[in-house]
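The values are calculated or read from the model by the stated rules, or taken from the named source; none is laboratory data. From a predicted model like this one, the values you see are computed outputs, not experimental measurements. Glycine also receives a Cβ, built like all others from the backbone with ideal geometry; neighbour counts cover every protein chain displayed. Surface areas here come from the heavy atoms of the whole protein model, side chains and all, with no ligands, DNA or RNA. Shrake-Rupley method; radii C 1.70, N 1.55, O 1.52, S 1.80 Å.
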Amino acid sequence: MTPAELSQAVQAAVSAAVEAGELAVAVPEHVTVERPKNRDHGDYATNVALQLAKPAGRPPRAVAELLAARLREFTGIAKVDIAGPGFLNITLDAASAGELARTVVDAGEAYGRNEALKGLKINLEFVSANPTGPIHIGGVRWAAVGDSLARILRATGAEVTTEYYLNDAGVQISKFAASLQAAANGRPVPADGYVGEYIVDIAKAITDAVPGVLDLPADEQLQVFREQGLKLMVAEIKRSMDEFGTHFDVWFSEKSLHDSGAIEKAIDRLREQGHVFEQDGAIWLRTTDFGDDKDRVLVKADGDITYFAADSAYYLSKRDRGSEVSVYMLGADHHGYVNRLKAIAACAGDDMNRNIEVKIGQFVKMLRDGEEVRMSKRAGNIITIDDVVDWIGVDAARYTLARSSTDSTITLDVNVLTSQTSENPVFYIQYAHTRMCGVQRKAESMGITKGSAEDFKPELLATEWESELLGALADFPRVVAKAGELREPHHVARYLEDDVARKYHRFYDNCQILPKGDEEVTDLTRARLWLADATRTVVANGLALLGVSAPERM
RNA sequence: GCGCUCAUAGCUCAACGGAUAGAGCACUUGACUACGGAUCAAGAGGUUGCAGGUUCGAAUCCUGCUGAGCGCACCA
């Protein structure tokens, strides 16, 4: 019996009680059934009696009594207790619990997938760092979290488009080009330009690729550095992302919005909705209609188009391309953007509480020798995506960055990253996977298989360690759905770490799977192989959602 | 000044409004005649920043305060 089936059983018990006239309440649409932390509280617990007590006008424990009596009639439920203020503690019989191993093995790679967000078209934009330098540690966090979130949303049934917005049109690119030009000519970079090893490297790559570029007039020269520099930098970012296992379906060019006239069209559309006005020679969007603290300029008095106008056109582009929900993942320096971005959606006639979500994630702080590393492009002490991958590898980097809530700042110690990589919990999870693969290899070499589904005896998986592990495996679909709905991939990571891997290691240490010496192969041997196979499936599926490999050997 | 976000063990971080707030690292102590010990078991470590409120129940929701980060352009 899966938690979903149990939830339905509880719901059915409520319905039956209502129909019998014992309870005067509306039957809840969803009944939550959770794994209690304390094993004495059974396999599952529900607080439904506590929630129904008030509307029913009955004491919680009386409601619980009614439901418990009905629940005890269900096959697969061994015991129902009432505890505390009115919790229902439910214990499954061993066969019903063990059956889950078969469910998982049968579903294979599909186990964990669900339809919580079925058919929802989501545009997920993340990283979107300016193409004027390598991706630094902050961007790496969004790469890890964003890519994992895309995988989780897809597993939850959503249709996801991942997107990187390239700011290839503004003054930052001009400064970047000017810096390259200066470097190529052996001059110091401009005061507000970009500094760093990579500037010199790219400048050299351009002078190598375009012989004679330095003989061109200054303005033509600058144009070459602008185009070539952008091309090389974007290629570099794409390479980094590719190596990091992060895929973007769309690399969206800001410049294309300018070149195609999309911005003017967007302004017209916003004007039709009645939120555009002129003042002091500029064209404005009245974002204060929808909670922004000030109105925003779309076209400046001198005729220049603002970055905000491009943002507006970009949102409409996402919408036109079919996005029902546009998710923006931005860094903590973008708090001020939330209201104006949401106002764009509202001004376009959309529902700002549904069609657009702006997630603000906290910074990554770096520590070296106990002191915070203040990164600055000027000082050239940026910690880049390639640095992190060199130090600890893609798996450990992705896991480290994806295992915490984006709401919390994370502090990474450079000394730890560059030395003791085995401290990373990702290895704990991967080791569980290799252990199961090891058991399977050993079983094969002994000529043992888990046998056919008909011969599987789930009731033999009855020790506390097997029961705990089965409970953890049963929780996977719910965890994936929750992570998708909350847009928080770290729930999957913590689940693998604290539930699945931990409980597997305990099971492994306490329950011998394969026969030792001249012991017989028994039904219990085969049942435990089913459980190991099911666990391996969940670990592999879970790691895949995080973009982390599930190695067969380490 | 206004706005947004955060505050949990020595450190790094968890905790769907639920029962005794959990892991890892570091510290103390056990378990290898092994299905690979990158593991397991045990111990110690907390007034969840402070003060109120809502609730049967608050780390979680509301209010105020304190502290920290970020943001408040006809910049991008």
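Mind putting together the pair-distance distribution for the stretch A:309-463? All Cα pairs, 10 Å bins, whole percent per bin, short to long.
Pair shares across the bins are 8, 23, 20, 20, 17, 10, 2.
Apply the a/c threshold of 1.5 to the C-alpha gyration tensor of the stretch A:365-456 and tell me whether it is rounded, prolate or oblate.
prolate
Farthest toward the dipole's positive end in chain A, which of A:492, A:181, A:344, given Cβ charges of +1 (Lys, Arg) and -1 (Asp, Glu) about the Cα centre?
Farthest along the dipole direction, towards plus: A:492.
What's the ranking of A:532-545, A:362-375 by average number of surrounding C-beta atoms within 10 Å, highest first?
Details: A:532-545: 23.6, A:362-375: 14.1.
The densest-packed peptide leads the list: A:532-545, A:362-375.
Can you give me the orientation-averaged projected area of the convex hull built on the Cα atoms of the stretch A:264-303, in nm²?
Its Cα hull, projected and averaged over all orientations, spans 2.8 nm².
Compare the peptides A:481-488, A:343-350, A:195-202 by average per-residue count of other Cβ atoms within 10 angstrom and give them in order, highest first. Intermediate results must be reported in sequence, preceding the final value.
On the way: A:481-488: 19.9, A:343-350: 22.0, A:195-202: 17.9.
Descending packing order for the listed peptides: A:343-350, A:481-488, A:195-202.
Enter the Cα centre distance for the pair the stretch A:395-411 and the stretch A:124-163, rounded to the nearest angstrom.
The stretch A:395-411 and the stretch A:124-163 have Cα centres separated by 13 Å.
Convex hull over the Cα atoms of the stretch A:164-222, averaged projected area in nm²? Walk me through the numbers on the way to the answer.
Working: hull surface 18.4 nm².
Average projection, Cα convex hull of the stretch A:164-222: 4.6 nm².
For residue A:487, what charge total do you get from the other residues with a beta carbon under 10 Å from its beta carbon, if Lys and Arg give +1 and Asp and Glu give -1? If you can, show how the numbers build up before the last one.
Details: positive: A:359; negative: A:357, A:485, A:488.
Local net charge: -2.
Among residues other than residue A:244 whose Cβ falls under 14 Å from its Cβ, what is the net charge (Lys/Arg +1, Asp/Glu -1)? Kindly include the intermediate steps, with their values, before the conclusion.
Numbers: positive: A:141, A:151, A:238, A:239, A:398; negative: A:147, A:236, A:242, A:243, A:386, A:387, A:390, A:395.
Net of charged neighbours comes to -3.
Which value does Rg/Rh take for the stretch A:459-554 over its C-alpha atoms, Rh per Kirkwood? Mind dumping the intermediate values first?
Working: Rg = 14.7 Å, Rh = 14.3 Å.
Using only Cα positions, Rg/Rh for the stretch A:459-554 is 1.03.
Grab the eigenvalues of the alpha-carbon gyration tensor for the stretch A:1-128, scale each by 5, take roots, and send me the semi-axes largest first in whole angstrom. Don't jump to the answer; show the numbers that get you there.
Details: eigenvalues 175, 85, 40 Å².
So the equivalent ellipsoid measures 30, 21, 14 Å along its semi-axes.
Return a whole-number percent for the relative contact order of the stretch A:133-289, with Cα pairs under 8 Å and 6 or more residues apart as the contact set.
Details: 134 pairs, mean separation 43.9, N = 157.
Relative contact order here is 28 percent.
First obtain the Kirkwood hydrodynamic radius of chain A from its Cα pairs, then insert it into the Stokes-Einstein equation at 20 °C and 1.002 mPa s, and state the resulting D in µm² per second as a whole number.
Numbers: Rh = 27.1 Å.
Value of D from the Cα-based Kirkwood radius: 79 µm²/s.
With charges set only on the Cβ (+1 for Lys and Arg, -1 for Asp and Glu), what does the dipole of chain A come to about its Cα centre, in debye to the nearest 20?
Details: 62 positive and 82 negative charges, 115 e Å.
Its charge dipole is roughly 560 debye.
Mind checking which lysines have their Cα closer than 29 Å to the Cα of residue A:37? Skip sequence neighbours fewer than 8 apart in that chain.
Partners found: A:54, A:79, A:457, A:482, A:503.
Can you give the Rg and Dmax of the stretch A:239-322 based on its C-alpha atoms, in angstrom?
15.4, 49
Cα centroids of the stretch A:90-108 and the stretch A:264-302: how far apart, whole angstrom?
For the stretch A:90-108 versus the stretch A:264-302, the Cα centre distance is 58 Å.
Per 10 Å bin, what percent of the C-alpha pairs of the stretch A:136-234 does each bin hold, from zero upward?
For the stretch A:136-234, the binned pair fractions read 14, 37, 22, 16, 9, 1 percent.
Using a 1.4 Å probe and ignoring any ligands, DNA or RNA, find the accessible area of residue A:272 and quote it in Å² to the nearest 10.
Only protein atoms counted, so the area is about 150 Å².
Report the convex hull volume per residue for the stretch A:456-502, counting only C-alpha atoms, in Å³. Each step should come with its number before you reach the end.
Values: hull volume 3.1 nm³, N = 47.
Looking at the stretch A:456-502, the number lands at 67 Å³ per residue.
Straight-line reach from residue A:204: which lysines have a Cα under 22 Å away, not including same-chain ones fewer than 8 places off?
Within the straight-line cut-off, residue A:204 pairs with A:175, A:231, A:238, A:377.
Give me the mean projected area, in nm² to one decimal, of the convex hull enclosing the Cα positions of the stretch A:296-371. Walk me through the numbers on the way to the answer.
On the way: hull surface 29.2 nm².
Answer in nm², one decimal: 7.3.
With the full set of protein chains in place, find how many percent of the accessible area of chain A is carbon and sulfur; take the probe as 1.4 Å.
Details: 12030 of 24800 Å².
Reported share for carbon and sulfur atoms: 48 percent.
Quick check: convex hull of the Cα atoms in the stretch A:410-465, volume per residue, rounded to a whole Å³? Walk me through the intermediate numbers first.
Details: hull volume 8.5 nm³, N = 56.
Looking at the stretch A:410-465, the number lands at 152 Å³ per residue.
Along each of the three principal axes of the Cα atoms of the stretch A:259-386, give the extent in whole Å, ordering the values from largest to smallest.
58, 35, 30
By a straight-distance test (C-alpha under 16 Å), which lysines pair with residue A:265 as possible cross-link partners, with residues fewer than eight away in the same chain excluded?
Output for residue A:265: A:255, A:318.
Find how many whole Å separate the alpha carbon centroid of the stretch A:510-529 from the alpha carbon centroid of the stretch A:423-459.
12
Would the stretch A:1-57 count as rounded, prolate or oblate if I go by the C-alpha gyration tensor, calling it rounded below 1.5 in a/c and otherwise prolate when a/b exceeds b/c, oblate otherwise?
Values: a/c = 2.51, a/b = 1.67, b/c = 1.50.
Cα axes put the stretch A:1-57 in the prolate bin.
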